[in-house]
Amino acid sequence: MPELPEVETVRRGLAQWLPGKKITDVEVLHPRATNPRSIAPLIELRGARIENINRRGKFLWFTLNRPYVVLAHLGMSGQFLIEPRSTQPSSHARVRFTVNDRRRELRFIDQRTFGWVAIDQLVMEGGEEIPNSFQRIARDIFDEKFDREEVISRIMKKKRAIKPVLLDQSLMSGVGNIYADEALWLASLHPERSANSLKREEVDRLLTSVSRVMSAALKQGGTSFDDLYINVNGESGYFDVELEAYGQDGEPCSRCGTEIRRIAFGNRSSHFCPRCQPRRPAKKVGTKRGK
DNA sequence: CATCGACCCTGCGGGC
DNA sequence: TGCCCGCAGGGTCGAT
């Protein structure tokens with residue numbers, strides 16, 4: 001559920017409170033709360049001091065005064081909440097982190113249990129220490145070292161439809177179903193066009209759209225449809241009112257008035273304007289097709 | 001390698 | 001009222 005703007009909103013909230021805190025206790029309340037690839041049980045974190053709260057794509061990681069990190073993914077319904085210790089945790093609370101703060105504690109809440117918290121090893125990549133798991137997770141579009149030209153080239157080699165390519169976290173991380181649909185709408189590209197049929201200019205425009213849509217969403221604190229996505233203080237984001245495509249099936253396209261349509265493919269739904277986002281690129285004069 | 005579908009869960013709203 | 005189905009912001013895995 002949470003995509004880059006929502007995860008970044010959570011990161012900012014955590015970064016205001018957590019750095020400098022010492023983890024005094026960790027209580028795992030659900031067996032699925034820990035990723036099986038965690039290199040150690042979370043109780044090992046006891047005694048560690050939290051340094052910085054970082055993010056790559058949809059992954060959060062806390063650096064510690066130790067050679068490993070806390071790595072977390074919110075999945076579809078995960079939340080980090082900073083709550084008074086005196087309050088009863090939600091029935092969906094999965095992990096409780098007690099720190100050296102007498103009033104509040106950090107809780108990981110997750111209704112659907114697709115999210116997790118783990119311990120991951122730090123490794124060197126390009127002169128910089130990153131969690132080991134990030135070898136398979138590409139940099140996101142806001143990363144200083146994001147290589148735009150390289151990503152454009154890789155996208156243009158893919159034979160799949162552009163929508164699943166946008167969702168491929170090993171090419172570029174952070175984009176999920178909402179912002180993929182929004183970016184495709186903004187760039188006027190049909191979600192089922194094969195990536196290798198796109199011109200360089202179109203892919204470039206698409207990446208610009210991804211960046212613009214996610215920046216705009218971040219300014220609103222992300223997209224919330226219900227209380228499943230909320231920030232560390234339990235507050236919703238307001239970008240849902242600005243959505244142009246996602247969830248807008250049956251509503252008129254704000255550019256041309258045509259009804260936004262919803263189609264299902266690749267195990268998810270896609271929303272697009274059939275007029276602004278044509279299946280076929282606008283007439284290619286002089287091209288030959290057929291045998 | 002690249003691609004695709006199934007799968008992992010809980011809870012909700014709609015149709016009957 | 002209640003049941004069943006489809007659907008939901010995610011990633012991972014195995015088969016092809």
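Could you tell me which of the residues A:Val203, A:Val210 is at pLDDT 95 or above, surrounded by 21 or more Cβ atoms within 10 Å (Cβ to Cβ), under 16 Å from the mean Cα position of the chain (by Cα) and under 24 Å from A:Pro5 (Cα atoms)? Of the residues listed, the single one that is at pLDDT 95 or above, surrounded by 21 or more Cβ atoms within 10 Å (Cβ to Cβ), under 16 Å from the mean Cα position of the chain (by Cα) and under 24 Å from A:Pro5 (Cα atoms) is A:Val210.
Screening the candidates A:Ile39, A:Ile50 for the property of being more than 16 Å from DNA strand C (Cβ to nearest atom) and either under 15 Å from A:Glu105 (Cα atoms) or more than 22 Å from the chain's Cα centre (by Cα) (or both) yields one hit, A:Ile50. Within the option set A:Pro41, A:Pro67, A:Pro36, A:Pro19, being over 30 Å from A:Glu144 (Cα atoms) and away from DNA strand B (no atom under 16 Å from the Cβ) holds for one residue only, A:Pro41. Filtered by the rule that a residue be free of Cβ contacts under 8 Å to residues at least 40 places away in the same chain and either of a type in the set (S, T, N, Q) or within 16 Å of DNA strand C (Cβ to nearest atom) (or both), the stretch A:86-113 gives A:Ser86, A:Thr87, A:Gln88, A:Ser90, A:Ser91, A:His92, A:Ile109, A:Arg112.
Checking each residue of the stretch A:233-254 against the condition of being more than 11 Å from DNA strand C (Cβ to nearest atom), outside any loop (DSSP other than H, G, I, E, B), under 24 Å from A:His73 (Cβ atoms) and out of contact with any helix residue (DSSP H, G or I) (no Cβ under 7 Å at 6 or more places or on another chain) gives no match.
Can you tell me how many residues within the stretch A:138-179 are among the hydrophobic types (A, V, I, L, M, F, W, C) and within 14 Å of DNA strand B (Cβ to nearest atom)? Total meeting the criteria: 11. Any idea how many residues of the stretch A:144-160 are of a type in the set (Lys, Arg), closer than 10 Å to A:Leu171 by Cα and within 20 Å of the chain's Cα centre (by Cα)? Number of matching residues: 0. With a requirement of 2 or more residues that are surrounded by fewer than 17 Cβ atoms within 10 Å (Cβ to Cβ), the strands (runs of 3 or more DSSP E) lying completely within the stretch A:1-118 that satisfy it span A:23-28, A:50-56. Per this entry, A:Thr223 is not counted among residues that are of a type in the set (Ser, Thr, Tyr) and more than 16 Å from A:Pro2 (Cα to Cα).
The values are calculated or read from the model by the stated rules, or taken from the named source; none is laboratory data. All of these numbers come straight from a predicted model, not from anything done at the bench. In this analysis, Cβ positions are derived from the backbone assuming ideal geometry, glycine residues included, and neighbour counts consider all displayed protein chains.
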